[in-house]
Amino acid sequence: MDSRELTLRGIILGALITVVFTAANVYLGLKIGLTFGSSIPATIISMAVLRFMGGGTMLENNMVQTQASAAGTLSCVFAALPALIMVGYWHEFPYVITLLLTMAGGMTGVVFTIPLRRALVSNSDLPYPEGTACAEILRASSPEGDARSLRSLTLGTMVSGSVAFATSGLRLLSDGFSVATVVGSSAFRLNGSFSLALLGTGYLVGIGGGIAMLLGVLLAWGIMVPVLGHLAPSATPLADATGLWLHKVRFIGAGTIAVAAIWTLLALAKPVAQGLKEALSVTHLATGDDSDRDLAPRTLITLCAGLAVLLAGLFTYFLWPVMPHGSALATLILLGLIACFGLGFLVASACGYMAGIIGSSSSPISGVGIIAIIAISVALWGLESTGLLSVEQRPIAIAFGLFVLSAITASAAVSNDNLQDLKTGQLVGAAPWRQEVALLIGCVAGAVVIPWVLQVLYQAYGFAGAMPREGMDPSRSLAAPQPALMAAIATGILTHQLDWLMLEIGASLGVLLVILDIVLRRRNLALPPLAVGMGIYLPADVSVTIGIGAGLGWLLRRFPRGQGTMIASGFIVGESLIGVALAAMAGGTGSADTLALPVPTLLNAGLGWAVFCGALLWFGKQVRQSDRVRQEEA
């Protein structure tokens, strides 16, 4: 078997794919606050190009998607960097500073995934739905692949791609359903999505994670939103329900995620410490197999030291115009480094664990971003309270907190995606150290593109409340919801105006869920507190559809999961590819409705239900048929 893995042509191809994915993800993130997972589309594109060029191998293809997905994921800095413009500290994105900060943040994420790989991938049974899907694609498409598996993958891809195009492109099908009622001043609502990618994700996640996320939805929309509506009566409770969830309940979810993440990290402390020990062990490096070998300890230590020096230099440059000398400057630089390497590692670990449960695309990076900016802002508020920072220096403190958050966001996003890639590598027999090199290259490639994309979009559209020129149409500005939220939190804490009650309620709920999970595990049951928190924090339609997919997997549990996994992977692949194509079209035309057809609402909803239910029945039929064929052949 041809074992070519990390090649020059693969590196160049990964860099080219990076440009497209990064631009599309930054645009979508600033416009609607959502991005698409880049691993699977990168796998498909690189597979097609390498096959056309000739001589491509499964491992080489895996390296291309590893590099491209890391760069595409790095675009999640859109959730923090634009906040510096929104608070008035920046008036453009300085290219070199933005490039270096994004690159350094992403590379720290790669460094963090090295000990996490052993704890969360090698010695863990987390499903990693997208990583598993990528591995299935690579295996099925290799010369040694199973023709039946490739057929199931292709069928799932075609069905999901067609449904996604009819839904998001033509707008022929409804993209989900909503059931709501009002009792007094309390609104109850249940939303669901018709996304086959989320359905496939749920199938791969399994029933435990699905039930936990559905419980989160029940708590959010069956208890929290109605109770808050009752406590603050409104003439339009149903119309105000979304606002209550967005501005109140999501903070409860963030508090729950914070406590659950800390508990998860405590539970993982021993395997993470063991992974770090092995990663820095020269003996383990010499005796370990290539399929379990990370970057050399000397390389790892040198990389960490270089990143620390680079980040310290960036923090100094950022602060120097208004804080040129003294203990305050040194303290803030030290705080920034502690945040990037200490808090950053905790955030990266939480994101990696969540990605292992529900996948990179659905992992709530903005939720842990909220936790990170709160921790940074509280530390800055403490410095102000001690007199080290003056009230006049509060604007620079707010801006510095957002600057540090940008590096942490890049680190968390890369860790979130990298562990999926390392799971794929584990399943196909790739060398981890080569993947880690590809990930580092991907961070450089993505960082080269991101500042330019951010600047072009800002100059073309502007952000909500921050326009680059007079006379621009505010209605065409990019909403940039995550940066606006981060800016509001940082400003609220340092000006003593943030409402802490929702976060405290969420933290208390997190403690109760941790205790409940401990009790259930003694009876061989489980209720992952982190998944419940995500069910509260994520939009209900995401969690509900993942829960439906998990339920479908449970109903089909007596059948072998092989073909079901391939179809579910195809569902993720098809919708991801169409998402990339439609994102590129939206970026080129400035409109997401270019292909939309004028379909009556009732017909739109009816067709959506019919197609989604039909897809469920078709999925079950295919799994049953494949099992019958397998038995006949046996």
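You can think of it this way: the chain between L329 and C304 has 6.8 nm of extra reach, that is 0.36 nm per residue less the Cα-Cα gap. In the assembled protein chains, S543 presents an accessible area of approximately 0 Å² (probe radius 1.4 Å). Quick check: from the Cα gyration tensor, does segment 433-582 come out rounded (a/c under 1.5), prolate or oblate? Since a/c reaches 1.5 but b/c is at least a/b, the shape of segment 433-582 is classed as oblate.
Calculated from the structure, log10 I(q)/I(0) by the Debye sum over Cα atoms at q = 0.09, 0.11 Å⁻¹ equals which of (1) -0.79, -1.05; (2) -0.71, -1.10; (3) -1.04, -1.25? So the calculated entry is the one marked (2). Here the accessible area is traced with a 1.4 Å probe on the protein chains. For segment 482-576, carbon and sulfur cover 63 percent of it. Among the trypsin sites (Lys or Arg not before Pro) in segment 480-575, those placed in a DSSP loop whose Cβ has at most 16 other Cβ atoms within 10 Å are R522, R523, R557, R558, R561. The listed residues K270, K621, K248, K423 rank as K270, K621, K248, K423 when sorted by accessible area, largest first, using a 1.4 Å probe.
Just to be sure I follow the definition: excluding the sites themselves, where is the longest run in the chain that has none of the GluC sites (Glu not before Pro) in a DSSP loop with at most 11 other Cβ atoms within 10 Å? Excluding the exposed sites themselves, the longest stretch runs over 145-469. Of the solvent-accessible surface of segment 377-436, computed with a 1.4 Å probe over protein heavy atoms with every protein chain present, carbon and sulfur atoms account for 63 percent. Each residue was assigned an accessible area with a 1.4 Å probe, and for Y317 the value is about 150 Å².
Evaluated with a Cβ-only charge set (Lys, Arg +1; Asp, Glu -1), the chain carries a dipole of roughly 900 debye about its Cα centre, given to the nearest 20. Dividing the summed helix terms, -39500 (n - 2.57) for each DSSP H run of n ≥ 4, by the number of residues in the chain produces a 222 nm estimate of -23500 deg cm²/dmol to the nearest 500. Using a/c under 1.5 as the rounded threshold, could you call segment 392-448 rounded, prolate or oblate? The axes a ≥ b ≥ c are square roots of the C-alpha gyration tensor eigenvalues, and prolate needs a/b larger than b/c, oblate otherwise. The shape class here is prolate. Label-to-label distance for D175 and V519 is 4.0 nm, based on points extended 7 Å past Cα in the beta-carbon direction. Shown in residue order for segment 449-463 are the 3J(HN,Hα) couplings computed by the Karplus curve 6.51 cos²θ - 1.76 cosθ + 1.60 at θ = phi - 60°: 8, 4, x, 5, 5, 4, 5, 4, 5, 5, 5, 7, 10, x, 10 Hz (x for Gly and Pro). Near G169: Cβ cut-off under 13 Å, other residues only, Lys/Arg at +1 and Asp/Glu at -1. The net charge is -2. Rolling a 1.4 angstrom probe over the protein heavy atoms with all chains in place gives segment 495-558 an accessible area of 50 Å² per residue.
Here the relative contact order of the chain, from alpha carbon pairs under 8 Å that lie six or more residues apart, stands at 35 percent.
The values are calculated or read from the model by the stated rules, or taken from the named source; none is laboratory data. What you are looking at is a predicted structure, and each value in this text was computed from that prediction instead of being measured. Reconstructed Cβ throughout: ideal geometry from the backbone, glycine too, with neighbour counts over all protein chains shown. With ligands, DNA and RNA removed, areas are computed over all heavy atoms of the protein, side chains included. Shrake-Rupley method; radii C 1.70, N 1.55, O 1.52, S 1.80 Å.
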